[in-house]
Structures are given as structure tokens and as C-alpha cells.
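The values are calculated or read from the model by the stated rules, or taken from the named source; none is laboratory data. Every value quoted in this text rests on a predicted model; they were computed, and no experiment measured them. Please note: Cβ atoms are built from the backbone with ideal geometry, for glycine as well, and neighbour counts cover all protein chains shown. These area figures cover heavy atoms from the full protein model, side chains too; ligands, DNA and RNA do not enter into them. Shrake-Rupley method; radii C 1.70, N 1.55, O 1.52, S 1.80 Å.
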Amino acid sequence: ITGARGPRLERLTVEVFRAFAMCFSDLVSTNRQPVERLEAYVAAVEGAEHVQGVTGGLISVTAHVGNWELAGRLLAAHSARRTHVVVAPDAPELDRWVRRDGDGLRFVPRVRPAVGAELLAALRRGEVVAVQGDRALGGRGDVWIPFFGEPAPFPLGPFVLAAAARAPLVSAFCLMDATGRYRLRVAAPIHVARGEEAAAARCWVERLEAVVGQHPTQWFN
């Protein structure tokens, strides 16, 4: 992504581990605190009107950038609707520290066979579904899209779900700034029509590429 070599690459590598350590420790610190106390960790929320202006169901797509789990809690607080966060199953002893239902937030493991129907029903009730869009699963649901000049696989599932539910899809990123606080960036909605899922995915990848290009040491995929 950066084209870095030699000493600069070494500095960037150290910064990746430093940034991840800060994001993870902040996640553990805030996980058992009330939502109101999260504001102390947040420098700004940009584009919150894109969430507040949607009356029906909404899909939020983020990535393994910055503090993505904290982004889910902030999104739930600002949307004032129940938010279902789709996650890959991790070790149970880790989940109890970093994933806690409550304050309008619910974690949905991706292993259940009926998870797609469950999320579709939530969207039709006018609730929020939060998913990550930068980690391909290696199956038929992947699509190859140019990313920093090379084709890379991305999951098509979020865009198929958006088209099926007729729900707008909003990009959201929770990025650490130079002071160690976070800025939640919410972009304008992407509306996905049936048959245009791949085009919508390309639009999302362009947004991801811009964010990763600006913050390469905060992309932890």
C-alpha cells in the first residue's frame, strides 16, 4: 500500500503494532462502561446525519480499520435503534472482554445457518446491521475488485443483503487521531439495487482504499 522499504517500512511496522495495542486496550477499557462515557474517547463524529436521517433499516459497513468494535457501540448510540453486529466466532474467553450485549447492541456470530434470514428480519423492523467488508471468506460469496492497483477478494454478502432488504448501506470508520482519541466517520448512503451488488461493492472498496491510504498503520486486516 505504501511502497515503503528499509527503515521507513520498519517504522511503519512498529506503528501498526502500537496502534493496534492502543485500539485493543481502549476497547477492553470501555467495554464495561456506560455508552455516555465513550464520549471522552471521541474527538468528533462526522456525518452522523447520514444515520439519523434514515427511518427504515440500515446496514453499516466498516472494516478492520482503527477501533471497529468501538465504532459499533458509537453507531448504536447515535442511531438510537437496536444494532446487530455480525462477527466471526472467537475464543469465548476473549469475547467476554471485547463483546458485550447491551445499550442497544447485540453481537451475532456468523456461524448460525439462519443468520441471513435473522438479519433480513431485523432490517425490515427498521433496525441496524453492522458488518465488516474487508475480509473475504474464500467462497462463492467473494468478488474480485481492484485495490491499490491489484485485484483483491471482498465479500459480496453485505451488498446482497442490502439489495434484498432495500436498505441503504452506510460506510463507517472509527479512526484514531494524533491525540489518541477517535473520530467516527460516516459517509453518505449507498443504495443497492438488485443486480448491482458488485457495482456497490466497488464503490465501497473505493472508500476503503481512500481511508486505508490515509491511515495505513490502522488497517489491521
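Can you work out D for segment 138-190 in µm² s⁻¹ from Stokes-Einstein, where Rh is the Kirkwood radius over C-alpha pairs, the temperature is 10 °C and the viscosity is 1.306 mPa s? Before the final figure, lay out the partial values.
Numbers: Rh = 13.5 Å.
Translational D for this selection: 117 µm²/s.
Loop-located trypsin sites (Lys or Arg not before Pro) across segment 1-39 with a Cβ neighbour count of 15 or fewer within 10 Å are ARG5, ARG32, with loop assigned by DSSP.
For ARG5 and PHE24, the difference between the fully extended length at 0.36 nm per residue and the C-alpha to C-alpha distance is 4.1 nm. Each label was represented as a point 7 Å from its Cα along the Cα-to-Cβ direction; for ARG106 and GLU49 these points are 3.2 nm apart. Just checking the listed ones, GLY138, GLY149, GLY195: in the Gaussian network model of the chain with Cα springs under 10 Å, the one fluctuating most is GLY149.
Global size of the chain: 16.9, 53 Å for Rg and Dmax (C-alpha atoms, Rg to one decimal, Dmax whole). When the P(r) is computed for segment 1-83, the part past 16 Å accounts for 62% of the Cα-Cα pairs.
Each of ARG82 and ASN31 was given a label point 7 Å from its Cα along the Cα-to-Cβ line. The distance between the two points is 2.3 nm. Ranking GLY141, ALA152, ALA117 by how far each Cα lies toward the positive end of the dipole of segment 109-155 (charges on Cβ) leaves ALA117 at the top.
Surface composition of the chain: carbon plus sulfur atoms hold 56% of the accessible area, using a 1.4 angstrom probe and ignoring ligands, DNA and RNA.
With a simple spin-label model that places each label point 7 Å from the Cα along the Cα-to-Cβ direction, the separation between ALA114 and ALA178 comes to 5.3 nm.
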